[in-house]
Amino acid sequence: MKKKWVKGLFILLAISIFLLKIGIEKKIKEVKEFPVKEVVEWLAESHPEEALIGGILTALGFKELLVDFLFLQSIQYFGDWSEKKEVKFQKTYPLFRVMGLLDPHFVEAYSFGALVMEETGHINAAIIFLNEGIENNPYAFRLWIYRDFIIRLFRTYEYSRAIEGIKQAIQLKGHPPILERILAFAYEKNGQIKEAILQWKRVFLEEANPRVKEIASSNVKRLLKILREREGEEEVSFWWRKNIAIEGLKNDSHREN
């Protein structure tokens, strides 16, 4: 009886050791995949203490803890009103790069990082960082809006690139309806008045919200006035009848000859 008990204990112990071995090997594999070297390199020059902490935490597999720590540090550095903008950028930029390495799905790091870069005058760096965030998180639509609406339409005036980006975002399932309206606005900013009118027509047809329909109708009416001034009444009337005229827009937005 005793032998059977000892044998059973031995088997149980062997199974436990085997499972522990698998767990350790898996952990080692995960740790090897963590970018320890890259983390230390990004932080070493400007943040030696964080580099040491970061290297240790990353090597031990505590990347989530490190990301939270660096995020809080970045907020502290950016919120220091006594520092100049360039100093803030130099302090925070390495932290955001490391956060992107360790957790490419931490959307808040990309949005806040881009904000810091933009506010400190490094707009190209902000766009590059947002590009990375969008690539890793294509359904984080706030990153698309930040890059293509806030920055490209109002800071860098890259209207064509903004249009291209917004159209790509609209192709994704579950995109917020506001992107459809942003696209119409982007067309107008780029001088593509007919495309803007056609886009507002799509918004009018697809939206169920009466308020949004009213906004679409109002914008069509306003843009038609601009188009008439450019191309003349007769040509615009012909184009309207061929491409736009639908119930709800025609009477409110089109002046009959």
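Among the residues of the stretch 93-124, those identified as modelled with pLDDT of 90 or more, β-branched (Val, Ile, Thr) and touching a Phe, Trp or Tyr at 6+ places or on another chain (Cβ under 9 Å) are Val116, Thr120.
Would you confirm whether any residue within the stretch 173-193 is on the phi < 0 side of the Ramachandran plot, among the hydroxyl-bearing types (Ser, Thr, Tyr) and at pLDDT below 90?
Checking the stretch 173-193: not a single residue is on the phi < 0 side of the Ramachandran plot, among the hydroxyl-bearing types (Ser, Thr, Tyr) and at pLDDT below 90.
Yes/no matrix, rows are residues, columns are (1) in contact with a helix residue (DSSP H, G or I) (Cβ under 7 Å, 6 or more places away or on another chain); (2) part of a loop (DSSP other than H, G, I, E, B):
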site	(1), (2)
Ser74	yes, no
Pro94	yes, no
Leu115	no, no
Ala125	yes, no
Ile128	no, no
Gly133	yes, no
Pro138	no, yes
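Scanning the stretch 181-195 for residues that are over 17 Å from the mean Cα position of the chain (by Cα) and not basic (Lys, Arg) yields Ala184, Phe185, Ala186, Tyr187, Glu188, Asn190, Gly191, Gln192, Ile193, Glu195.
Restricting to the stretch 56-76, name every residue that is buried (at least 19 other Cβ atoms within 10 Å of the Cβ) and modelled with pLDDT under 85. Of everything in the stretch 56-76, those that are buried (at least 19 other Cβ atoms within 10 Å of the Cβ) and modelled with pLDDT under 85 turn out to be Leu57, Thr58, Lys63, Leu66, Val67, Leu70.
I'd like the residue in the stretch 110-150 that is over 12 Å from the mean Cα position of the chain (by Cα) and not acidic (Asp, Glu) and, out of all such residues, is surrounded by the most Cβ atoms within 10 Å (Cβ to Cβ).
Filtering the stretch 110-150 down to residues over 12 Å from the mean Cα position of the chain (by Cα) leaves 116-125.
Applying the additional criterion that residues be not acidic (Asp, Glu) yields 116-117, 120-125.
Numbers: Val116: 25, Met117: 23, Thr120: 21, Gly121: 12, His122: 18, Ile123: 16, Asn124: 11, Ala125: 19.
Among residues in the stretch 110-150 that are over 12 Å from the mean Cα position of the chain (by Cα) and not acidic (Asp, Glu), the one surrounded by the most Cβ atoms within 10 Å (Cβ to Cβ) is Val116.
Taking every residue in the stretch 71-92 that is farther than 13 Å from His122 by Cβ and pairing it with any residue that is part of a helix (DSSP H, G or I) and acidic (Asp, Glu), at least 6 positions away or on another chain, the pairs with Cβ-Cβ distances below 9 Å are Phe71/Glu108; Gln73/Glu50. Checked across the stretch 126-137, the condition of being polar (S, T, N, Q), under 30 Å from Glu64 (Cβ atoms) and out of contact with any Pro (no Cβ under 8 Å at 6 or more places or on another chain) holds for at least one residue.
What about Arg161, is it under 28 Å from Ala196 (Cα atoms), under 11 Å from the mean Cα position of the chain (by Cα) and among the basic types (Lys, Arg)? Can you show your working first?
Numbers: under 28 Å from Ala196 (Cα atoms): yes; under 11 Å from the mean Cα position of the chain (by Cα): no; among the basic types (Lys, Arg): yes.
Criteria not met by Arg161.
What residue, of Val220, Val203, Val212, is within 24 Å of the chain's Cα centre (by Cα), aliphatic (A, V, I, L, M) and at pLDDT below 95?
On the way: Val220 fails: within 24 Å of the chain's Cα centre (by Cα); Val212 fails: within 24 Å of the chain's Cα centre (by Cα).
Among Val220, Val203, Val212, only Val203 is within 24 Å of the chain's Cα centre (by Cα), aliphatic (A, V, I, L, M) and at pLDDT below 95.
The values are calculated or read from the model by the stated rules, or taken from the named source; none is laboratory data. Keep in mind that what you see is a predicted model, and the values were worked out from it rather than measured. Here the Cβ is made from the backbone with ideal geometry for all residues, glycine too, and neighbour counts use every protein chain on show.
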